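Visitor: Mind looking over this structure? Questions follow.
The values are calculated or read from the model by the stated rules, or taken from the named source; none is laboratory data. Not measured: the values here are computed from a predicted model. FYI the Cβ positions are ideal-geometry reconstructions off the backbone, even for glycines, and counts take in every protein chain you see. The protein model used for the area step is the full one, side chains on, heavy atoms only, and it has no ligands, DNA or RNA in it. Shrake-Rupley method; radii C 1.70, N 1.55, O 1.52, S 1.80 Å.
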Amino acid sequence: MDENKLTGRLYDIQGFSVQDGPGVRTTAFLKGCPLRCPWCHSPESQEFYPQLSWIGLRCQGTELCQSRCMKACPKGAIELGGIREDPVKGEKIQMIHVKRDLCDNCGKCADVCYPAALYMCGKDYTVDELVRRLLQDKSFYETSGGGVTISGGEALSQPEFTLAVLKRLKEEGIHTALDTTGYASWSTVEKVLPYVDLFLYDLKHMDSEKHKAVIGVPNEPILDNAKRLAEAGAKLQVRIPVIPMFNDDEANIRKTAEFCKSLGDAVVSVQLLPYHNLGVMKYLRISDKPVAEATPPSDEFMQKLKDMMSEYGLHVTIH
Ligand code: SF4
Ligand code: SF4
């Protein structure tokens, strides 16, 4: 099959990113991830299928809309919901509520919701279509020393598509970064290796049992892939989400630092990403389930962790 016609599923494309690798970048976010981090700030990235999302602040109210969405739903999954106040006029607006247990994500309601309060998250692109979109920003990459970052979800869960996109980008002379959990078979990682300039590589916990208990998968494949990448000459920017009561204790931070150190020159830097609860609102867009929240770590605490890891000769930054 022609590789350019392969399709992959994305949930977002963001231009002008300065946080996903060097320079100004465009980041393509692929949908679907085998991990289930409870703190995930992009919960819409986790499932592979397109999902119905709803943003209450956009909802114009059932009266104005004449309940278009309610009529459109073949499952009877939309009912009257809460009331919000129009921030300008002060009027009360009767919103809707999606009964998630009845919804099968068919998208019929999103088709008739003109303010896009309801929308489908997850769109398929061919390799050609995505590369064409990414090349639109080429001048920004060239002037800033930037490039393209393929992120997720877990991009390596759509391995053929990711590989084909990376190959095309390298043919165009674009700097490429792959933001990955590292949770994939080595044969998959090995294939993309020649086409990735920088791996943004997540490490979440050094204890495999704790990793599995909280995230749902063990850490051995992740650590093993990091070692193999280092041996193969890859460049890694290690990213550590700092999650209160999960991985922020001294023992784990020091073990993580030792592991990074053991990878030698492969690790160009370590980024500490303090937990934040900005993702909580995003959970409400796709689910009714309550979300566990934690208190974000203080600046002083983050500095302490940074100092601790720097003792190992690593170049550590706080994101
Ligand atoms: S969800 Fe959309 S169609 Fe339904 S009431 Fe709100 S704005 Fe109207
Ligand atoms: S996506 Fe869900 S709520 Fe919307 S029309 Fe389909 S079943 Fe109904």
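Visitor: Which residue, 254, 228, 84, has the most motion in a Gaussian network model of the chain that connects Cα atoms within less than 10 Å?
Guide: With Cα springs under 10 Å in the chain, the top fluctuation among 254, 228, 84 is at 84.
Visitor: Next up: Using the Cα centre as the reference, give the magnitude of the dipole from point charges on the C-beta atoms of the chain (Lys, Arg: +1; Asp, Glu: -1; all else neutral), rounded to the nearest 20 debye.
Guide: Working: 38 positive and 43 negative charges, 148 e Å.
My answer is approximately 720 debye.
Visitor: Dividing the alpha-carbon Rg of the stretch 134-196 by 2.2 N^0.38 Å yields what? Intermediate results must be reported in sequence, preceding the final value.
Guide: Working: Rg = 11.8 Å, N = 63, 2.2 N^0.38 = 10.6 Å.
So the Cα radius of gyration is 1.11 times the expected 2.2 N^0.38 Å.
Visitor: Tell me the relative contact order for the stretch 51-120 as a rounded percent, counting alpha carbon contacts under 8 Å between residues six or more apart. Intermediate results must be reported in sequence, preceding the final value.
Guide: Values: 118 pairs, mean separation 30.3, N = 70.
Normalised by residue count, the contact order of the stretch 51-120 is 43 percent.
Visitor: If r is the Cβ-Cβ distance from residue 101 to residue 142 and R0 is 41 Å, what FRET efficiency results, to the nearest 0.05? Please list the in-between numbers first.
Guide: Numbers: r = 50 Å, r/R0 = 1.22.
For residue 101 and residue 142, the calculated efficiency is 0.25.
Visitor: Under a 1.4 Å probe, what is the accessible area of the chain per residue, stated in Å²?
Guide: Details: 15540 Å² over 319 residues.
Averaged over the residues of the chain, the accessible area is 49 Å².
Visitor: Right, here's the next one. Two decimals is fine: what's Rg over Rh for the stretch 84-150, C-alpha atoms, Kirkwood radius as Rh? It would help to have the intermediate numbers written out before the result.
Guide: Working: Rg = 19.4 Å, Rh = 16.3 Å.
Looking at the stretch 84-150, the ratio lands at 1.19.
Visitor: Return P(r) of the stretch 51-120 (all Cα-Cα pairs; 10 Å bins starting at 0; whole %; ordered from short to long distances).
Guide: Going out from 0 Å in 10 Å bins, the stretch 51-120 shows 22, 57, 18, 2 percent.
Visitor: Give, in nm to one decimal, the length gained when the segment between residue 249 and residue 91 is fully stretched (0.36 nm per residue of separation minus the Cα-Cα distance).
Guide: Working: separation 158, 0.36 × 158 = 56.88 nm, distance 4.87 nm.
Separation in residues times 0.36 nm, less the Cα-Cα distance, equals 52.0 nm.
Visitor: How much length, in nm to one decimal, is gained on full extension between residue 172 and residue 210, taken as 0.36 nm per residue of separation minus their Cα-Cα distance?
Guide: 9.5 nm
Visitor: Right, here's the next one. How large is ³J(HN,Hα) for each residue in the stretch 138-152, as worked out from phi by the Karplus curve 6.51 cos²θ - 1.76 cosθ + 1.60 (θ = phi - 60°), to whole Hz, x for Gly and Pro?
Guide: 4, 5, 5, 5, 5, 7, 10, x, x, x, 10, 10, 9, 10, x
Visitor: Could you look at the chain and say what percent of its accessible area is carbon and sulfur, using a 1.4 Å probe and all protein chains?
Guide: In the chain, the share of accessible area belonging to carbon and sulfur is 52 percent.
Visitor: Compute the length gained on full extension between residue 1 and residue 276: take 0.36 nm times their separation in residues and subtract their Cα-Cα distance, giving the result in nm to one decimal. Mind showing how you got there, number by number?
Guide: Details: separation 275, 0.36 × 275 = 99.00 nm, distance 4.32 nm.
Contour length minus Cα-Cα distance gives 94.7 nm.
Visitor: Per 10 Å bin, what percent of the C-alpha pairs of the chain does each bin hold, from zero upward?
Guide: 6, 24, 30, 24, 13, 4, 0
Visitor: Give, as ranges by residue number, the residues of the stretch 74-92 whose backbone N falls under 20 Å from the point 7 Å along Cα→Cβ of residue 60.
Guide: 78-92
Visitor: Name the residue from 182, 46, 200 whose Cα lies farthest towards the positive end of the charge dipole of the chain, charges +1 on Cβ of Lys and Arg and -1 on Cβ of Asp and Glu.
Guide: After comparing all options, I get 46.
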